[in-house]
Amino acid sequence: MPRIRVLDPSVIGKIRAGEVVDRPAAVVKELIENALDAGSTLVAVHAASHPERSIRVQDDGAGMSREDALLALRPHATSKIESADDLATIRTLGFRGEALASIAEVSRLSLSTRSSDDLTGTQIEALGGAVIQVSGIGRAVGTTVLVEDLFFNTPARLRFLKSREAEIRVLSRVVWNYALTYPRVHWKFSVEGREDTDLPEARDLLERWEVLYGRGSEDGSTEFDHEAGGVHVSGVLGAPEQARASRDYQTFAVNGRVVSSATLAAALRQGYGNLLPGDRYPLALVLLEIDPAQVDANVHPTKREVRFRDEARVFQVLRRGVETSMRRYVPTGLSLGNAGTVGEPREGGEAYPTRPGDSAALGTSTTTDTLAKTETLGALLLALETAPAGAADAREREQGDLQESLGEPEIPIWQLHDRYLLAPIRGGLVIVDQHAAHERILYEEARAHLYGGTGASQVLLFPRVVDLTPAELDALLMMEPHLRRLGYEASLFGERQAAVRGVPASIPEEAAIDSLKAVLASVDTLGEGGDPPEEHIAKSFACHAAVRSGQALSPVERRALFDRLFATSLPHGDPHGRPTYVRVSMEELDRRFGRR
């Protein structure tokens, strides 16, 4: 490592934010970053049950000589930068030279270190920032920092600390964030009387991820890697069903530094799209590599936040990377050849029989639907074939289970309480929410019509006259082109009425009328959340036109719903982010019954 030096006053003046030690977690963060900058392959963190009483961080990094160790406790003393120009090319985690000095100012600090060039090490004792003892010591190469009685001379800061449990929780989050970001480092972490973790070096990010979020998450979590415009993003994305109620389980690292970023968090959330409800947040580890000149790490006193020169570009690259990964993660559909779908030909060319009314609720058995489904599956299967082999393993397993089982015409599909559809598949059971599934189907069809060609319309024998409020009448005039693309034929009839002469052919008449009323009534929320009108109309239409919970479905209708759901581009969730199906493995069932 370069020799530690005290920065020139002109450089100090350009460091716009000084280090602030506000809680035990901040101490751990700074000491971990120093250890990683020193090239450590082992970092051990130990905290007392009340972490402000004692924190110890030990590493096997390059260590320091006696002179460097003494300089390290002085403000603005660092080996990371030398001139103001270096601030634009920062590659290290630390650079201000204030961490040890700031920690020493508010604690009893003991620094023990030895470099590879020295035969003996150095131990320095400091109290409230003043060095009180320097001595030689025998030790291995590396550095150990012991911080005791934090804030003993600033009791006001002690009063602002949270409960012991809260402080340990935040401290643990810091350690785990860096353990996830640096899987090639051997981490040891212990909290007196509570936790003792030993994490040897991992092969890759996913292996380290499994330690924190469980080996069972392997089927759902996936690594991703995307690069565009000089921005490289990679990491691990949790499955939609692993989403949490807060963002606490999201880790973002920019050039190796763990940060908080509203830009990255928003891009991640948008990448998941409507696979998640609005009040849920995905589990994720996102590593971003970018030219240091394009990012400013010197904007926050604790370096927790960064600023990008081109926020929009970073946002788009991450969003597209996550969106692409989520599309490849979703199961890609069912085999169409011998699936026995309503209206599809069997091997001899004869179509499977249909009964009048069997598929009325779902609008199946049209040639257009079959062709659209085939084209969608072809595109999805092509995407699967071109996906990285590692990312496709879990998808192929689940796709194989669904194709092999549900693709058989004799597979039973049961309806539970007129709400859920159950079907046995290879390796377990799949449970489908009939309303959410039909909503996903209708939503994608509606979007295709709104952004593309007009949907088929069913002309009513007798026009339906619908009473509307003045606001709904205005909405009808404004939305008329969009409604026509969906398959509606409606016009004004009198002062406060509309005559509906045609409805979308894919849904029953009553459901179509109810859905039209709902779309017109939702005009007050049009544009909320930044959605274009087409997106708003598609969601509202699908929500109110889908089959309801409590509605009995015939065997043909159940089969048709399965086929059409898994032919959509994102069968995993409905437009609002709720899951459409749950897959229960045999392992889970065996565990519940005590078989393993």
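The values are calculated or read from the model by the stated rules, or taken from the named source; none is laboratory data. What you see is a predicted model, and the numbers here were worked out from it, not measured in a lab. Positions of Cβ are backbone-derived with ideal geometry, glycine not excepted, and every protein chain shown enters the neighbour counts. For the accessible areas, the whole protein counts, side chains as well, though only heavy atoms, and no ligand, DNA or RNA atoms are used. Shrake-Rupley method; radii C 1.70, N 1.55, O 1.52, S 1.80 Å.
Listing for the model above:
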{"quantity": "Long-range amide H partners of I411 with built H, under 5 Å", "calculated": "none"}
{"quantity": "Heavy-atom accessible area ranking, 1.4 Å probe, most first, across S549, S102", "calculated": "S549, S102"}
{"quantity": "Sequence-distant residues sharing a close amide H with Q458 (under 5 Å, placed H)", "calculated": "V503, A505"}
{"quantity": "Using a Förster distance of 51 Å, the FRET efficiency for R548-T41 (Cβ separation, nearest 0.05)", "calculated": "0.30"}
{"quantity": "Distant-in-sequence amide H partners of F493 (H built 1.01 Å from N, under 5 Å)", "calculated": "A498, A499"}
{"quantity": "Sequence of V466, V211 from largest to smallest accessible area, 1.4 Å probe", "calculated": "V211, V466"}
{"quantity": "Residues D279 and E210, FRET efficiency given R0 of 30 Å [Cβ-Cβ distance, rounded to 0.05]", "calculated": "0.65"}
{"quantity": "3J(HN,Hα) from dihedral phi, region 172-180, Karplus parametrisation 6.51/-1.76/1.60, rounded to Hz, x for glycine, proline", "calculated": "4, 4, 4, 4, 5, 4, 6, 5, 5"}
{"quantity": "Tail fraction, Cα-Cα pairs, region 528-596, threshold 21 Å, whole percent", "calculated": "46"}
